[in-house]
1. It is to be established whether one or more residues within the range 189-200 are touching a residue at least 60 places away in the same chain (Cβ under 8 Å), in a helix (DSSP H, G or I) and among the hydrophobic types (A, V, I, L, M, F, W, C).
2. Could you tell me whether L229 is out of contact with any Asp or Glu (no Cβ under 6 Å at 6 or more places or on another chain) and at pLDDT 85 or above?
3. Based on what the data block shows, is I142 aliphatic (A, V, I, L, M) and either free of Cβ contacts under 8 Å to residues at least 40 places away in the same chain or over 19 Å from Y26 (Cα atoms) (or both)?
4. Mind checking which residues of the range 118-127 are touching a helix residue (DSSP H, G or I) at 6+ places or on another chain (Cβ under 6 Å) and at pLDDT 90 or above?
5. Exactly one condition in (1) touching a Ser or Thr at 6+ places or on another chain (Cβ under 8 Å); (2) surrounded by 15 or more Cβ atoms within 10 Å (Cβ to Cβ); (3) closer than 30 Å to F358 by Cα is false for T198; which is it?
6. Since N126 meets every condition but one in (1) touching a residue at least 12 places away in the same chain (Cβ under 8 Å); (2) part of a helix (DSSP H, G or I), which condition does it not meet?
7. Could you identify the single residue in S366, S314 that is part of a helix (DSSP H, G or I), surrounded by fewer than 20 Cβ atoms within 10 Å (Cβ to Cβ) and of a type in the set (S, T, N, Q)?
8. Name the pairs whose Cβ atoms lie under 7 Å apart, with the first residue in the range 27-40 and assigned by TED's automatic domain parsing to the domain that holds C158 and over 21 Å from L224 (Cα atoms), the second among the hydroxyl-bearing types (S, T, Y) and not in a helix (DSSP H, G or I), and 6 or more positions between them or separate chains?
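The values are calculated or read from the model by the stated rules, or taken from the named source; none is laboratory data. These numbers were taken from a predicted model, which means no experiment stands behind them. So basically every Cβ, Gly included, is an ideal-geometry build from the backbone, and we count neighbours across all protein chains shown.
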Amino acid sequence: MIKNIFYSFSINFINFLFPLILIPFYIHVFGITNYGLIAISLSLINYISVINDYSWNALGPIKIGRLNSDIDAISKYISTVINTKFLLTIPSFLLLFLLAQLYSNISSNALFFLSLFLMLFSRTQNAHWVFIGLNKVNVYCIINSVFKISCLLTILFCVKNKDSFQILFFILGIFDSLIFIVSYIYLLLKENFVYSKTSFKDIFAELQSGFKMFLTNLTVCSILNSGTLILGVFFDSKIVGIYSVSEKIIMLGKHCIGVLFQGVFPKICNIGIASISELNKTLRQIFQSYLLLFSIGTVILIIFSEQIISVLSSEYITESSQYLILLSPIPLIASLNQSAYMSLLMHEKKNIYFSGYFIGLVINVSLSFLLSFFFKVEGMIAALIITELFITLFLNYKVLCDKSLNFFRKND
């Protein structure tokens, strides 16, 4: 478990450290207004790419693990996912085209607009989940690191002027594409992966089996990206840029939760199969550890908000630090639903967490539009906090109401 956490953290750390390192560079070269445009575009791509991620990042490794090293069965399953992802690219591109029309600065810039499609396509065949299932996370860590660092150096040395933001996503998209191309070449050469065609019947069955997890992922992504996207509809790119600097720090905190989940959950599965009482004990320890760890993180964000913002941006530090203070409780609140979420997954209570996240999605979208319209950025932040509180309280309440799920009881 420690090994998986380390490699997963390394992969996700470089994936999130990468854009964080580039924020000061973007603001210095492009200015805060163009950085706001980049932030809107990235949120748009992240939001739509959930369609192609679907449920495989969470369920894919589990399914591969259950195939017990049956190469033929694993190859067939991976091929099914690849083919399904390619099919989902069609609605993804259509949605990108339609949503981009909400932002005139994006849709009116033909070169920049075109680059978004390459960036989105490069996200369609992420192979990280395959390597988790095969217990080869270390290999993917090397592949990912090489191309991410190469991309970083290319941007730092090739992007020189204010107008070059138009080619930024071409660079990002090309290197992301190289990651999944090399990943699948490795699977072909070293893991005996054999690609095969998939019937529409099997594709439909795959989509049906992961539909509720997809909606859950959509909710999580909505909470992460809705702030930037909705602010971009109502306000100019400058305000979005100021807000986005602080939001990126909070997203890093929330992303750490996902990294911990990727490392912890395979072990939780093994414990859950062996002993329910041991499972509940472990989930209780995770809840307590997260409470302590993310509480410390919240205090650090509040006390050192200006210093943290100044590392990323030299413009509008006071405004961004105020947003960071308001946003600071979000990773803590989100971390406290993870034990309940894992308990519900282990007991196959999909309907419960699906209901919680779906209602959270409705709350998030409706409140975000309403409160941001009347209270601007502060209203948006309030909507995010209310959504996170609802999901955490809902999931933990459902766990408390079920004796078999209640990991808070020490006598279980």
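1. Within the range 189-200 (the criterion being touching a residue at least 60 places away in the same chain (Cβ under 8 Å), in a helix (DSSP H, G or I) and among the hydrophobic types (A, V, I, L, M, F, W, C)), the answer is no, since none of the residues qualifies.
2. Values: out of contact with any Asp or Glu (no Cβ under 6 Å at 6 or more places or on another chain): yes; at pLDDT 85 or above: yes.
Against the criterion (out of contact with any Asp or Glu (no Cβ under 6 Å at 6 or more places or on another chain) and at pLDDT 85 or above), L229 qualifies.
3. Values: aliphatic (A, V, I, L, M): yes; either free of Cβ contacts under 8 Å to residues at least 40 places away in the same chain or over 19 Å from Y26 (Cα atoms) (or both): yes.
For I142, the condition - aliphatic (A, V, I, L, M) and either free of Cβ contacts under 8 Å to residues at least 40 places away in the same chain or over 19 Å from Y26 (Cα atoms) (or both) - is met.
4. Correct list: L118, M119, L120.
5. (3)
6. (2)
7. Just one listed residue meets the conditions, S366.
8. Cβ pairs passing all conditions: I27/S313; I27/S314.
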